[in-house]
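The values are calculated or read from the model by the stated rules, or taken from the named source; none is laboratory data. Just so we're clear, the structure is a prediction, and the values are computed from it rather than from any experiment. Positions of Cβ are backbone-derived with ideal geometry, glycine not excepted, and every protein chain shown enters the neighbour counts.
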Amino acid sequence: MPTVIIIAGLRIEIYTNDHPPPHFHVTAGSRRAKFDIATGTMLQGDLDKRSIRKVRRWMEFNGDLLMQVWISSRPK
């Protein structure tokens with residue numbers, strides 16, 4: 001599972017060979033969440049509101065990067 005980046009204690013990861021739709025995982029201490037890459041919607045998880053805002057703010061500028069990592073992590 002490649003870690004895309006760690007920002008302000010939030011680890012953003014995309015798991016190799018994970019199921020659609022394109023999404024990424026966030027870990028913040030013992031809290032975890034899963035976000036849709038296209039919409040920024042939190043699909044599941046228990047992140048606090050402040051962490052969710054940080055993730056979405058980062059996504060605004062890096063959504064294309066997340067999609068590139070998702071596509072490159074698919075099996076060939």
Looking only at the range 48-59, filter to residues that are touching a strand residue (DSSP E or B) at 6+ places or on another chain (Cβ under 9 Å) and without any contact (Cβ under 8 Å) to a residue 24 or more places away in the chain; which one of those is surrounded by the most Cβ atoms within 10 Å (Cβ to Cβ)? I52
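Specify which of the listed residues (I7, I14) is among the hydrophobic types (A, V, I, L, M, F, W, C), surrounded by 13 or more Cβ atoms within 10 Å (Cβ to Cβ), farther than 27 Å from P75 by Cβ and touching a residue at least 40 places away in the same chain (Cβ under 8 Å). Break it down into steps so the answer makes sense when it comes.
Numbers: I14 fails: farther than 27 Å from P75 by Cβ.
Being among the hydrophobic types (A, V, I, L, M, F, W, C), surrounded by 13 or more Cβ atoms within 10 Å (Cβ to Cβ), farther than 27 Å from P75 by Cβ and touching a residue at least 40 places away in the same chain (Cβ under 8 Å) holds for just one of I7, I14, which is I7.
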Out of Q68, Q44, sole residue that is polar (S, T, N, Q) and in a helix (DSSP H, G or I): Q68
Close pairs from the range 19-46: first among the basic types (K, R) and at pLDDT 95 or above, partner exposed (fewer than 11 other Cβ atoms within 10 Å of the Cβ) and not in a loop (DSSP other than H, G, I, E, B), Cβ under 9 Å, at least 6 apart: R32/Q44; K34/Q44
